[in-house]
Amino acid sequence: MRYLLVEDNIQLAKAVSDRFALEGHAVDHAVSLSEAKEFMALTTYQLILLDIMLPDGDGRSFLRLHRVNKNKTPVIILTARSEVSDRINLLDLGADDYITKPFDFRELEARCRAVLRRQDGLADNTLQIAGTILDTLEGSLKIGDKVERLRNRELRLIEIFFSSPNKIFSKNHLMDRLFSFSEEVSENAIEVYVGRLRKKLEKSDVRIETIRGLGYRFVVEK
Amino acid sequence: MTLIIQTGSIQRRLALQLSIVAGILSFTLFMLIQVVAERAAMDTQDNILKASAASIADALYTENGIVRLELPYSALSMLGTISQDRVFYRVLFKGETLTGYDDLPLQNENSLTNKSKFSTFRYKGEEVRSIMLKRSIGVNGAFSDAVIIVAQTRLGLNLISQKITRTATAIGVVFFLFGTGLSVWAANIALTPLNRIAIAVSRRGPKDLRPVTGTSPLELKPLVDALNSFILRLKSSLLRSEDFISEAAHRVRTPLATVRTQAEVIHRSLNKSKNKTALREMIRAIDESSRSAGQLLDHAMVNFRADQFEVNTVNLPELVRDVCERLSPLAGLKDIVINIQSQESDMSFQGDTILLQNALRNILDNAIKYSPDDSEISVNCFRNEKFVISFQDSGRGFSGIDHTDRFTRGTNVSDVIGSGLGLTIANDVAIAHGGSLFINDSKKGVGSCVSLVLPI
């Protein structure tokens, strides 16, 4: 999916872009409102991440214009201001959600997902490997006729596997992607989720292999 | 007494003082009636005595050079009209008793100059009032003085005097009671404006910073003005601190966001678990400080907003759903499911949407923060005698801490780091709406249930 990030803090923008790229999303970065308008004229985005205080204007006026033009692309506000009246205004102006800086990337991702899920008639969000269909927005796994609901962490874990089949992921890497920093988790916690996924994938042609001492790998059964 | 006057109510004090005045006036009135009435009674007796003496004097006549007296019956009977009083008389001519009680004493004769003289003295064991009247009678061409003394006991007069005393007492008492009643009423009336202002000031909540309006009497104007200017200063100082917190939060948050994101990126690229742990700690500290900044801001906002309470009709289930939806991505990160059960009808509440939203968000945020992975938070929104919105989690509970303390700023479960403001905010909002916040059960491990209770 293609996101537009409007943020004048270069380091923050770069870090956010990098993280989204890792999740398999393309992010275009605009440092100002005028640049954002140029980007939007060129292509369509599935989601816009908008900072409020920008060098050439207020993100809120951009948002108002965006809605007046009947542009349906969902907008999530990134704000450091956190007066609550502000929050209310933002939602009134047509923002779909907001997140206060500094944010946990996982939370931002979860909010993006929630906003996109609310959006109807979106492009295909399914990934398919060997007859197993993963709907990343719905959070469901379709094996044959059977649909398995996935919980948040299961979904995030299987997304990682779906993005790079046959690649070995270390436990550490998976943990970083799955757990927020505020959680104190042991390395074995990942095994619980791998175990759950294996159970849900039992009837499918794909499985998660354990590579001793290295981590896990997602493979198609021959 | 001075203590009562200094610390007691002004109204009571005023009423007391006015009553004392009424008492003094009543007593004076009593005395006045007594004196005047007794005087009048005495004058009546004196007049009768005088008439009696005069009629005796008129009955004196000379016959053949001898002074004679035909004592008229009326002269004594007119005295008898008052009561059972005894009457004495003595008629002297040339110093010799013609008739009557010859031991009835003569008063200082020299001062008697053809006039009557009244006096009071004891005679035959009783107090008598007497009149001495001198009349010149010519005998054989020469005039000599005849002295007539008529005395009467004072039983009747005393009886009248007793009657007068009773009447005067009754009048005095009635007057006193009436005066006291008037005093209480007057004190009440006089203090009405003061009471009105006192009620206006005391009825407002601790956070109501509107100036005291309404008319105030001249004497109270300096006080009211001082109070209003004090309120104004307090308000502007609150506003300033509000701005300050808001500004500070903003200034702190932006760089924190950069630091956090960068740290996250570095964390990913690191391989040594020791470094990773250190960076983890750092990111956690950043998260905590930003959460605290948010709560501080919320707290300031709630305090500020409670002053300018904006009442509108809030659909509670809708508000609860909004808040839950807003926080569900956060809950999803820990695979926490939020279950909402709510009664749909009759759930309109008159309150401040933003304040209520804040309270609910902080309670839920708390519940999510302290809930374990893969758990459930049940949100219940219903109405019985009051509106109840409860959040049941399966977190660690609030054991080891006094529940009432839980709502004071900065109190926390002993080993948890945090501003401890979340529930303080919710509690403040509850109080601002005339409701309350309860932590219901918190058996260790079972979780806890935080309920926001609002009046209907």
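The values are calculated or read from the model by the stated rules, or taken from the named source; none is laboratory data. Predicted model only: the values in this text are computed from it and were never measured. Don't worry about glycine lacking a Cβ; one is built from the backbone with ideal geometry, like all the others, and counts go over all protein chains shown.
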>> Please verify whether A:Leu174 is part of a helix (DSSP H, G or I) and within 24 Å of B:Glu288 (Cα to Cα), treating the condition exactly as stated.
In response: yes
> If you scan the stretch B:238-279, which residues turn out to be more than 23 Å from A:Ser17 (Cβ to Cβ) and among the charged types (D, E, K, R)?
Replying inline: B:Arg240, B:Glu242, B:Asp243, B:Glu247, B:Arg251, B:Lys272, B:Lys274
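Condition check ((1) within 14 Å of chain B (Cβ to nearest Cβ); (2) more than 25 Å from B:Ala359 (Cα to Cα); (3) modelled with pLDDT under 80) across all residues:
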| residue | (1), (2), (3) |
| --- | --- |
| A:Lys37 | no, yes, no |
| A:Asp51 | yes, yes, no |
| A:Leu65 | no, yes, no |
| A:Leu78 | yes, no, no |
| A:Glu83 | yes, no, yes |
| A:Leu90 | yes, no, yes |
> Among the listed residues B:Leu238, B:Leu234, which satisfies the condition of being without any contact (Cβ under 8 Å) to a residue 40 or more places away in the chain, within 22 Å of B:Asp298 (Cα to Cα), more than 7 Å from chain A (Cβ to nearest Cβ) and in a helix (DSSP H, G or I)?
Replying inline: B:Leu234
> With respect to B:Ala257, is the statement that it is modelled with pLDDT of 80 or more, under 25 Å from A:Lys101 (Cα atoms) and of a type outside the set (Lys, Arg) true?
Replying inline: yes
>> Looking at B:Lys274 and the list (1) under 30 Å from A:Phe105 (Cβ atoms); (2) among the basic types (Lys, Arg); (3) in contact with a Leu (Cβ under 7 Å, 6 or more places away or on another chain), which single condition is not satisfied?
In response: (3)
> Restricting attention to the stretch A:139-150, and to residues there that are part of a loop (DSSP other than H, G, I, E, B) and in contact (Cβ under 8 Å) with a residue 40 or more places away in the chain, which single residue is nearest to A:Phe179 (Cα to Cα)?
Replying inline: A:Leu150
> Which of (1) farther than 18 Å from A:Arg111 by Cβ; (2) touching a residue at least 12 places away in the same chain (Cβ under 8 Å) does B:Leu330 not meet, given it meets every other one?
Replying inline: (1)
> Out of the stretch A:134-161, which residues are surrounded by fewer than 15 Cβ atoms within 10 Å (Cβ to Cβ) and touching a Leu at 6+ places or on another chain (Cβ under 9 Å)?
Replying inline: A:Val147, A:Arg149
> Looking at B:Gln11, B:Gln84, which is the one that is out of contact with any Cys (no Cβ under 8 Å at 6 or more places or on another chain), part of a loop (DSSP other than H, G, I, E, B) and not charged (D, E, K, R)?
Replying inline: B:Gln84
> Does the stretch B:199-231 hold any residues that are of a type outside the set (S, T, N, Q), more than 27 Å from B:Gly435 (Cβ to Cβ) and in a helix (DSSP H, G or I), and which are they?
Replying inline: B:Leu218, B:Glu219, B:Leu220, B:Lys221, B:Pro222, B:Leu223, B:Val224, B:Asp225, B:Ala226, B:Leu227, B:Phe230
> A:Pro102: closer than 27 Å to B:Leu297 by Cβ and free of Cβ contacts under 8 Å to residues at least 40 places away in the same chain, yes or no?
Replying inline: yes
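Residues are listed down the side, and each one gets a yes or a no for (1) modelled with pLDDT of 85 or more; (2) not β-branched (Val, Ile, Thr); (3) not in a helix (DSSP H, G or I):
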position	(1), (2), (3)
B:Leu297	no, yes, no
B:Glu325	yes, yes, no
B:Pro329	yes, yes, no
B:Ala359	yes, yes, no
B:Ile368	yes, no, no
>> I want to confirm something. Restricting to the stretch B:57-81 and keeping residues that are part of a strand (DSSP E or B) and of a type in the set (A, V, I, L, M), which single residue is farthest from the chain's Cα centre (by Cα)?
In response: B:Ile66
> Which members of the stretch A:195-222 meet the condition of being in a strand (DSSP E or B) and not small (Gly, Ala, Ser)?
Replying inline: A:Val206, A:Arg207, A:Ile208, A:Glu209, A:Thr210, A:Ile211, A:Tyr216, A:Arg217, A:Phe218, A:Val219, A:Val220
> Any residue at all in the stretch B:324-333 that is more than 10 Å from every other protein chain (Cβ to nearest Cβ) and more than 17 Å from A:Ser180 (Cβ to Cβ)?
Replying inline: yes
> Which of the residues spanning the stretch B:15-48 are touching a helix residue (DSSP H, G or I) at 6+ places or on another chain (Cβ under 7 Å) and under 16 Å from B:Ser116 (Cβ atoms)?
Replying inline: B:Met42, B:Gln45, B:Ile48
>> If a residue must be more than 25 Å from A:Phe162 (Cα to Cα) and either among the acidic types (Asp, Glu) or surrounded by fewer than 18 Cβ atoms within 10 Å (Cβ to Cβ) (or both), how many such residues does the stretch A:15-38 contain?
In response: 5
> What about B:Lys272, is it more than 10 Å from every other protein chain (Cβ to nearest Cβ), surrounded by fewer than 16 Cβ atoms within 10 Å (Cβ to Cβ), of a type in the set (Lys, Arg) and out of contact with any helix residue (DSSP H, G or I) (no Cβ under 6 Å at 6 or more places or on another chain)?
Replying inline: yes
> Going by the conditions given, is B:Glu310 over 30 Å from B:Phe349 (Cα atoms) and more than 7 Å from chain A (Cβ to nearest Cβ)?
Replying inline: no
> Of all residues in the stretch B:63-80, which are within 23 Å of B:Asp145 (Cβ to Cβ) and exposed (fewer than 12 other Cβ atoms within 10 Å of the Cβ)?
Replying inline: B:Glu63, B:Asn64, B:Gly65, B:Ile66, B:Glu70
>> Name the single residue that is surrounded by the fewest Cβ atoms within 10 Å (Cβ to Cβ) among those in the stretch B:143-189 being assigned to a strand (DSSP E or B) and among the hydrophobic types (A, V, I, L, M, F, W, C).
In response: B:Phe143
